[in-house]
Amino acid sequence: MWSIFQHILFLVLLGYVVSACNTKSSVQHPLNFYHWKTALDIDTVQKEYLQDLESNRLYLRFFDVDWSTQEKQAVPLAEVSNSALKKLSIQQIVPTVYITNKSLINSSDSLVLVLADHLANKIHHKLIESQQENKVDEIQVDCDWTLKTKERYFLLLKALKKHDWVKNLKLSVTIRLHQVKYAKRTGIPPVDRGILMFYNMGKVNEIEETNSILNLDLAHNYMKNYDDYPLHLDVALPLFSWGVQFRSGRLIRLVNGLQASDLEQSTACSLLKNNWYQIDTSTYIKGRYFYAGDKIRIEKINAKDLSEAVKILRNNLNNPNFEIIFYHLDHSIIKAYPKDTLNYILQ
Amino acid sequence: MLKQLFLYTILVLSYWFTPKAKACGPDYDPEYSYYYFFDQKVIPNDKLYGFLYQSLSTRMLANYGISEDRDPYEYRHQDSPPPSVEPYTAEWNTYLGNKSTPEDIKAVLYDFKKEWILTLSKDIKKLNQSTLPEEVKKNSFVQVSRNKNLQSIWIYLAYARKCQLYAEIQYSSWDDEPTPTIKVMEALIQEGEKLIKKEKSEFLRRRYAYQLVRMAHYSKHYEWALQYYNNYAKPVQKGSYIDYRTIEQIGGVEAALGMEAESAYHFSLVFDKAPDRRKVALRSFRLSSDENWKKASDLCQNNDEKILLHTLRGLQKYGNAVEEMQNIYRLNPNSPYLNLLLVRHINRWERIAFDSDAITAKFPNKPIKENVQDMQTLLELCLKLRETDNIKYKDIWTLAAAHLQLFLGKQQKSAELLRDIPYNEYIKKDKKDPLHKIGEQAIVLNFVRQLCRLDEINDEIENKFYEQFKSTPALANCQDLRPFLLDVFSVLYYRNGDYAKSYLCHNKLDRIHDILDIKLIQSAQKLIRNRQELSPLFKDIFAQHGLKRAYAKELIYWEGTYYLQHNQLEKADKTFSQLSDDFFEEMDGKEPKTTYLNKSIFTSTPAHQYFESDFDSGVPIDKLYQNSKLNILLEFEKDGHYTKKSLTKLLLELEKQAQKKPKYAALYYYALGCAWNNMSPYGWNRPAIYLRNSDNYGYSNYWMGNSTETADQVNVRHSYFREDKDKSKPLNYKHYYSHLYYDPNIAIDYFEKAINTSNDQELKAKACFMAAKAETFKYYSKEYTYSSYYYNRRNKSIQNYQTYYEIMYKEYKDTEYYKEVIRACEHFEFFVSTYDR
């Protein structure tokens, strides 16, 4: 009898422990993704991944805007094709546009107003052409505005907000960490909400840097002014890796998507230490040519750091149930960060 | 406790290290950030100009976190090659039996109206009866075609014009590409097919082939394009320019079809044979695997074509020129592309060595190990090439070797190599002869070498070098040499204690206040007094700067300001008294007013930086003294407007009052302390001694030294060329705030006096807290350097600037002011909340 009781007690306790372990944080974060590639093709694997994560909102880069010396105006570049867009079966889309500072510096105020019109019309037109208009309740602008471009950028946002089609939508922008910390100088963009880009915080060009994408020590330094920041903030978190290529002690380039495994598989390079590799024989790796002697620092994000990042943000952001948008949706990302990993991050 | 200390450190420092440096910080913008002494004009083939090295902007990368493929084809100054129509007009002229002129051919091909061409395409024989303008009728191209009855030319030109319209169709990038164009292009392709089949002239058939391939490419009928190319344009005619335009189209078609190796091979041919399409070919060249590299190499007909692949890879943004040069050397040591990569790579070293990054100490001012290795490898190649038989213009390699030896600090070896170049003989040659340019470059390099050897300067040496510079055309024409000469002189004059001359080598006299230095001001005053004896160099400099005699008064103004800045009030008063009141009013128009926004100079809000916490936190004068014991100060405030002269007098008067009226001494000292806090870089009244018109304006890049000890370390870019100089230390770049002299101890001393002479606990508490503010300024001014900010700040102890917080907490806890401060100042509140833990 005592033995049965012991078993029951053990099972009850075990159940309690298991359920305690499985209990998610009481804080719930909507979880979505950026799609930043020009070629748009969300296949079954990606769809299932999104479904598993209950992610139904895709922040989709529609095109970039850069200054054209030829046309003497800011122009759209690397557009997502309308036909690819038409095939997209995601519940909600947030068309996102990246604007270079050069576009703003070179545009007069009147050209900025024209740009706002072009931008809104272009997005709208693409949505109509692809029959996706009813999936959109927000558009997003991504720009690392500076003190020099602040006025024009804000003018652009105000003009966008007044646009006949956009005025019925939400307008959001990406916000860099320093733009919150130094909000008094950099200003508050006149939009409905901001997406805090919680990455690229380190000094990528310095040899001493260990991980410029997510450096939690530095992240703490940026966690200021969030109490007073008047804009509703949600968060973009990094899910990407890159190789930082150095030659003769100087940064040569960033190789997006380069992973340690790419280098480990190559017979032309060897591990130096930790996340550092050296090219022994000149060769092509992942489409890029590396010369003998080049050194590469692989920077990637681990789940523990991301989890820590979420905790830092929970402690600082006014909005406890902030949405998390991962940058970015890609097959290699799905492989590297399966559903369980992302759920762990959110605990 | 440690954790708390750490958190506190972060909190306090993150508060204090406000974005001054980031938001309005020092964009390093030197007059000359780098020098090119190795001119691309030593390349014998002038069609290869325009491939100078373009450095990667690491700042940009850091800011954006992304890499950006920028154009590796960089022009500089007037060296941009204009788009060339010459090859096209030349081919047409040959076809016309050399009976036309390049101008007339150009007019027909590029300027004739479409209607004119259509008219001529109908019947060239009816030219005289037509209503075409005289400029058409008299055009030699038109006349030759009529005389020879070359109707087919006009049929082709009319067709080409129609294609042109769709090949270069202009529509705004914001609009969708008009779809009907595809259909029109398809119709044009059909028309072209008919025409090419009828055409017998090979010359015109190749042009039709180009149009067909182009239309098929742009209408995305890639397979058709390949077919037209194979049927009509192959084999490529030797010397036919239009064939390379067709190949360029095929390169694009192959890229679209994923035929990377073929595409790269074809673009490399275009790069070689069509100078005006070189830029496009370089941009379009892409190989992304060892397999495709081999495939492209296998397509090459000979070693010279293989060299093109190496050249284009070496010219890419991330190319390693030295390795590609070694590859090219093995294939053909006489390849002109070796010269191109050589010049580009040496320019790269010049850029790195003299780049502003070197000044900001990010990179040490000496070749680091890997750099030396790279230079040595290139040097070996240069030495090997100058010893190789049958090398054309061998002295380019001698020159390059001499330059590299200089980079490696081997003065003697560099001199020996330069001696081997018969430059006096070379410069006698025609200016178009590449040897002439090599001779000029050798003279420039030798001059640079001699300049770098200078250890001292005096009038005689200065005159000798300057005279040589001015009277030698090769030197005077080298645009980077003058700033370099001044750079060297500047350092040497600094070492001599001739500060004004040192300063004037790079700065204008009217910006002298940017780095207010009494030695410099007095040196400038002396120089102006003796201006009749100026050397030719400084006469030229003064002439360029437009120096006026009246500037002597401004130097007095700045001298007085210096004394005020250092609280040497008697001296300041005496100096200012040499100038009229009107002069101060006039100067107020040129720089920010000593006080502005009508904020009292005696303001003492608990906020640490007035303009950080709230722009309105400065208290208007009339409100400051209401119901306050401080109303005793009101009589000194007047209307709150001061000139430096009246401010000096006010401060002197307060000092005197403190001596005369011991009863109020504490108040006067307190007021003086507040005034100094407000004149700090963090206060409203900072323009009194903080001398910059704006936070970015007037930064003097070339005046780094505050003492002669640093003169060896600062501003010595030429020591890069000196093996005997210690280059182990990075350049002593100082954050620009370090130029802004402010001594927080002046304020602290006054607050100490206020505490010591007062019996009023409330006033003592106020003085104590204000001393804490000044103490923090002190830490801020001393410890803060931009470069060490990120990595070191967490390690800094905060205890050395919290002494007055501690006193405040321990001794003035019961005062009303303490309660006010606890509410108003989050730092102090945090300090108190963590103090005992």
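The numbers here are math on the coordinates, done by the rules we state, and not lab data. Quantities reported herein were computed from a predicted structural model and do not represent experimental measurements. Glycine gets a Cβ as well: all are built from the backbone with ideal geometry, and neighbour counts include every protein chain shown.
Quick rundown of the values:
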{"item": "Stretchable slack from B:ASN98 to B:ASP455, in nm (0.36 nm times residue separation minus alpha-carbon distance)", "result": "122.2 nm"}
{"item": "Label zone at B:ASP176 (point 7 Å along Cα-to-Cβ), backbone N below 17 Å, region A:130-157", "result": "A:130-134"}
{"item": "Whole-angstrom gap from region B:128-175 to region B:187-210, using each part's C-alpha centre", "result": "16 Å"}
{"item": "Beta bridges per DSSP with both ends in chain A, % antiparallel, nearest 5", "result": "40 percent"}
{"item": "Whether chain A is rounded, prolate or oblate, judged on the alpha carbon gyration tensor where a/c under 1.5 counts as rounded", "result": "oblate"}
{"item": "B:ASP814-B:THR377 pseudo-label distance in nm [points 7 Å out on the Cα-to-Cβ vector]", "result": "7.7 nm"}
{"item": "Label-to-label distance, nm, for residues given as A:GLU129 and B:LEU257 (7 Å Cα→Cβ offset)", "result": "2.7 nm"}
{"item": "Cα-centred dipole magnitude for region B:456-547, charges only on beta-carbon of K, R (+1) and D, E (-1), debye, nearest 20", "result": "240 debye"}
{"item": "Centre separation in Å (Cα based) which lies between region B:388-425 and region B:231-267", "result": "40 Å"}
{"item": "Calculated [θ] (222 nm, deg cm²/dmol) that DSSP helices of n ≥ 4 give over chain A, each run adding -39,500 (n - 2.57)", "result": "-10500 deg cm²/dmol"}
{"item": "Global form of region B:166-307, assessed from the alpha-carbon gyration tensor, a/c cut-off 1.5", "result": "oblate"}
{"item": "Computed log₁₀ I(q)/I(0) - Debye formula, equal Cα scatterers, no solvent, region A:90-153, q 0.13, 0.15, 0.22 Å⁻¹", "result": "-0.41, -0.53, -0.91"}
{"item": "Chain A, relative contact order [Cα under 8 Å, separation at least 6], %", "result": "16 percent"}
{"item": "Gyration tensor (alpha-carbon) shape descriptor, region B:323-453, a/c threshold 1.5", "result": "oblate"}
{"item": "FRET E, pair A:LEU147, B:THR388, Förster distance 51 Å, beta-carbon r, rounded to 0.05", "result": "0.40"}
{"item": "Average beta carbon contacts from partner chains per residue of B:416-422, 10 Å cutoff", "result": "0"}
{"item": "Sequence-separation-based contact order of region B:85-208, relative, with Cα cut under 8 Å and 6+ spacing, percent", "result": "23 percent"}
{"item": "Gained length - B:LYS200 relative to B:THR834, 0.36 nm times residue gap less alpha-carbon distance", "result": "218.7 nm"}
{"item": "Pairwise FRET efficiency - B:LYS47 versus B:LYS428, Cβ, R0 = 35 Å, nearest 0.05", "result": "0.85"}
{"item": "Chain A: most fluctuating residue of A:SER266, A:SER107, A:SER89 per GNM, C-alpha cutoff 10 Å", "result": "A:SER266"}
{"item": "Estimated FRET transfer efficiency when R0 is 45 angstrom, pair A:HIS331-A:ASP192 (beta carbons, to 0.05)", "result": "0.90"}
{"item": "Spacing of the two label points (7 Å from each Cα toward its C-beta) at A:LYS158 and B:ALA90, in nm", "result": "5.8 nm"}
